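Undergrad: Before I ask anything, here is the structure I am working with.
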Amino acid sequence: MKAFLYGVALQWKLDLRNKGILITYYLVPLFFFLFVSTIFTSINPTSKDTLIESMTIFAISMGAFLGTPIPLVELYSGDIKKAYQVGGVPLWTGVINNFISAFIHLLITSLIIYIIAPIGYDAKLPEYPFRYFLFLAFFIITCISVGTLLGLYVKSVTKLTMYSQILFQPSLMLSGIMFPTDMLPKALEYVGYAFPATWGLKIFTSPNPKFLWFLPLIICFVTACIMGIYKLSRITKE
């Protein structure tokens, strides 16, 4: 247990030293939050009602899709993998350590937004904080599972950037974070349903979220776990 906790702590510290991860987990999401929140609240004062939720979903989507896969690509496509094998360290520990570290980073970013938004922009706090953070944890886990899948299947950082953007950009534009989805053509609105951010925003901003809204996220998480376990088994045998 001590070795496992040491591995998680080490991964967390390594993430803080990785400029690419630091940018995607903290710098860009928080800069975007500060910059866009100023514009949104000036143009449309009612955006304060959902500012925390929309900016949090943006930060989580960016961190999970653009940041989480990086350490895994570096681990399983380089010499680090050989070091794990020589040392007799199970390769799956890299996934678990990275998953927990990513969760902590994204939770910290979400807390920063949760604290600053009401103070700096008079944003409305969630009516039920316990339920909000419960949903937040579930949403973070779901998005990280997708990011983990990218890290396992993509073999180079160059390709990773392309695939990550394919997930992240539609999440930003089609989920309702930037503007209401009813402004989109119906075809694009339906495409948006394929991304976790769309369902996350519906769940976070509804006073009475429906169970059916959770199903796409649950399916996404379970599918990512199955595909991830399969890929890990293949990597271990290589």
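The values are calculated or read from the model by the stated rules, or taken from the named source; none is laboratory data. As the structure is a computational prediction, the values presented were derived from the model and not from experiment. Using ideal geometry, Cβ is built from the backbone for each residue, glycine included, and neighbour counts are taken over all protein chains shown.
Undergrad: Name the helices (runs of 4 or more DSSP H) wholly within segment 4-84 that hold at least 2 residues that are of a type in the set (A, V, I, L, M) and modelled with pLDDT of 90 or more?
TA: Helices (runs of 4 or more DSSP H) meeting the threshold: 28-43, 51-62.
Undergrad: Is at least one residue of segment 219-237 modelled with pLDDT of 90 or more, out of contact with any strand residue (DSSP E or B) (no Cβ under 8 Å at 6 or more places or on another chain), surrounded by fewer than 17 Cβ atoms within 10 Å (Cβ to Cβ) and over 24 Å from Pro71 (Cα atoms)?
TA: yes
Undergrad: Oh, and also: State all residues of segment 118-157 that are over 15 Å from the mean Cα position of the chain (by Cα), buried (at least 17 other Cβ atoms within 10 Å of the Cβ) and part of a helix (DSSP H, G or I); if no residue qualifies, say none.
TA: Across segment 118-157, the qualifying residues are Tyr121, Tyr132, Leu152, Tyr153.
Undergrad: How many of the residues in segment 182-198 are surrounded by 18 or more Cβ atoms within 10 Å (Cβ to Cβ) and modelled with pLDDT under 90?
TA: 1
Undergrad: In segment 31-68, what residues are surrounded by 24 or more Cβ atoms within 10 Å (Cβ to Cβ), over 10 Å from the mean Cα position of the chain (by Cα) and among the hydrophobic types (A, V, I, L, M, F, W, C)?
TA: If the condition is that a residue be surrounded by 24 or more Cβ atoms within 10 Å (Cβ to Cβ), over 10 Å from the mean Cα position of the chain (by Cα) and among the hydrophobic types (A, V, I, L, M, F, W, C), then Phe33, Ile52, Met55 are the ones that fit.
Undergrad: For segment 204-217, name all the residues that are in contact (Cβ under 8 Å) with a residue 12 or more places away in the chain and either within 25 Å of Leu150 (Cα to Cα) or not hydrophobic (A, V, I, L, M, F, W, C) (or both).
TA: Passing the criteria: Thr205, Pro207, Pro209, Trp213, Phe214, Pro216, Leu217.
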